[in-house]
Amino acid sequence: MTATRAEICLSTTDLRRDLGFFGETLGMRMEMIYPADNPRIAVFAGHGLRVRLDQQSDAPPGHIRIRTEAPARFGGAGQLTAPGGTRVEIAELDPPLVIPEVEHAFVVRRLADQAPWVIGRAGMQYRDLVPSRLGGAMIASHIRIAEAGPVPDMVHFHKVGFQLIFCLHGWVDVVYEDQGEPIRLTRGACFIQPPEIRHRVLFSGDDLEVLEIGVPAEHITEIDHEMALPNGRGDPAREWQGQRFVHHRPEGAAYAPFRLPGFEARDTTIAANTRGTAGVTMFRPDGSGACAWAAHDADIHFAFVMAGEVLLEGEGKAPFRLARGDAFVTPPGMRTRLSEASADLEVIEVTLPGTFSTTTG
């Protein structure tokens, strides 16, 4: 194999003073310098980076970002500027997750509105269900893969506060850290992916459709090149940041009266397994035909119509006839009503937190 070495080339207007900055201030190691009598080029290595400083380069000043567990070593998080012009940003290696404050809104997103599908990660198609993203607090995506076969995915994880995958149609095989062999997710079933659990999407059937909810809206996905999955028999009791992996299946699930009159629901156990961070239920008509105006006090309330039809009414809003593929968000305190539900109606409800109050009447 031919040896290769890559360097980032940076211009400098003051190489002599940059030697101390890169060596002492940044703690990098000098690898090369020339010519000896009047140096104009120096190479430094450190922090996983190799940089070549060139005093005769006419390129604009460069920008380096150093992520570290000890920002204080560099004088704290912030910006430094080398004598020769290079800007250096010091940032935390693993900054805390920040979830923006929710910007409450009444949102209706219908499949018939023909919102664009865009190509996202691993070649999958995404449809945005909450364009405002409630101020960045959450993202809801309708995701599909048209053709069956292997998915070009890698072992990865997400830095999130909460993440749900709910299968709407078809099937998909996914392998998870400490959960044993690959698991097939089928229609009506769902996964709760705890924060930073390693996983990989393997294969999908034809016309796969899933609903994905993530909190916050913009979160980092990191590739793990070291872990191979599956990585053992599994550890169902393991927690990631207080949350457990859940694979909820509809087969044999018990239904109980829902919080709204006229409906019954099955619980996915996600509220219990996330210590109340979020709750996910699937509800349907109970056959009584009852309906009522109601308001909740959940911070985030999202719903997606999986099958059937229903009329959504909101105080001061025009009514919306909703069908499969339609989604809506209702803010806390707003009175709404679901009426004229078809017998085959199925609705997925996702709330943060998992426990909240509802008033009807």
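The values are calculated or read from the model by the stated rules, or taken from the named source; none is laboratory data. Remember, predicted model here, so these are calculated numbers, not experimental data. For neighbour counting, all protein chains shown are included, and Cβ atoms are generated from backbone atoms with ideal geometry for every residue, glycine included.
Looking at this structure, is ARG17 modelled with pLDDT of 95 or more, among the basic types (Lys, Arg), farther than 30 Å from GLN163 by Cα and in contact with a helix residue (DSSP H, G or I) (Cβ under 9 Å, 6 or more places away or on another chain)? In short, no. Confirm whether PRO60 is farther than 12 Å from ILE8 by Cβ and touching a Ser or Thr at 6+ places or on another chain (Cβ under 9 Å). Yes; evaluated as a whole, the condition is true for this residue. When the residues of segment 278-311 are filtered to those that are small (Gly, Ala, Ser) and part of a strand (DSSP E or B), the one that is nearest to ARG324 (Cα to Cα) is ALA307. Each residue in segment 287-309 was checked for being closer than 22 Å to HIS169 by Cβ and out of contact with any Lys or Arg (no Cβ under 8 Å at 6 or more places or on another chain), and 3 pass. The set of residues in segment 133-167 that are under 16 Å from the mean Cα position of the chain (by Cα) and outside any strand (DSSP E or B) comprises ARG133, LEU134, GLY135, GLY136, ALA137, MET138, ASP153, MET154, VAL155, VAL160, GLY161.
Exactly one residue out of ARG337, ARG324, ARG275 is touching a Cys at 6+ places or on another chain (Cβ under 7 Å) and of a type outside the set (S, T, N, Q): that is ARG337. Which members of segment 238-248 meet the condition of being outside any strand (DSSP E or B) and of a type in the set (Phe, Trp, Tyr)? Residue satisfying the conditions is PHE245 alone. What's the number of the condition GLY135 fails, among (1) at negative phi; (2) touching a His at 6+ places or on another chain (Cβ under 9 Å); (3) surrounded by fewer than 18 Cβ atoms within 10 Å (Cβ to Cβ); (4) not hydroxyl-bearing (Ser, Thr, Tyr)? Failed condition: (1). Answer yes or no: is there a residue in segment 222-237 that is over 29 Å from ASP299 (Cβ atoms) and assigned to a strand (DSSP E or B). Yes, segment 222-237 contains at least one residue that is over 29 Å from ASP299 (Cβ atoms) and assigned to a strand (DSSP E or B). Scanning segment 249-277 for residues that are basic (Lys, Arg) and either closer than 18 Å to ILE300 by Cα or in a strand (DSSP E or B) (or both) yields ARG259, ARG266, ARG275.
Here the condition is being touching a Lys or Arg at 6+ places or on another chain (Cβ under 6 Å), closer than 21 Å to LYS159 by Cβ and not basic (Lys, Arg); of ILE220, ILE213, it holds for ILE220 alone.
Restricted to segment 110-130, and to residues there that are in a loop (DSSP other than H, G, I, E, B) and of a type in the set (Gly, Ala, Ser), the residue that is surrounded by the most Cβ atoms within 10 Å (Cβ to Cβ) is ALA115. Within segment 168-198, the set of residues being touching a Pro at 6+ places or on another chain (Cβ under 7 Å) and either of a type in the set (A, V, I, L, M, F, W, C) or not in a loop (DSSP other than H, G, I, E, B) (or both) comprises ASP173, VAL174, VAL175, ALA189. With respect to the conditions (1) within 31 Å of the chain's Cα centre (by Cα); (2) surrounded by fewer than 16 Cβ atoms within 10 Å (Cβ to Cβ); (3) of a type in the set (Val, Ile, Thr), THR2 falls short on a single one, namely (1).
Where strands (runs of 3 or more DSSP E) sit wholly within segment 1-104, those with at least 3 residues that are hydrophobic (A, V, I, L, M, F, W, C) occupy 8-11, 29-34, 41-46, 49-54, 87-92.
Out of all the residues in segment 350-361, which are over 11 Å from HIS296 (Cα atoms) and crowded, with 19+ Cβ neighbours inside 10 Å? Selection gives VAL350, LEU352, GLY354. Here ALA292 clears all of (1) among the hydrophobic types (A, V, I, L, M, F, W, C); (2) surrounded by fewer than 17 Cβ atoms within 10 Å (Cβ to Cβ); (3) under 23 Å from HIS142 (Cα atoms) except the condition numbered (3). I'd like to verify a number: residues in segment 34-62 that are over 23 Å from PHE74 (Cβ atoms) and of a type in the set (A, V, I, L, M), how many? The number of residues fulfilling the criteria is 3.
Kindly provide the set of residues from segment 133-148 that are in contact with a strand residue (DSSP E or B) (Cβ under 7 Å, 6 or more places away or on another chain) and either among the aliphatic types (A, V, I, L, M) or at pLDDT below 95 (or both), ordered by number. Selection gives LEU134, ALA137, MET138, ILE139, ALA140, ILE143, ARG144, ILE145, ALA148.
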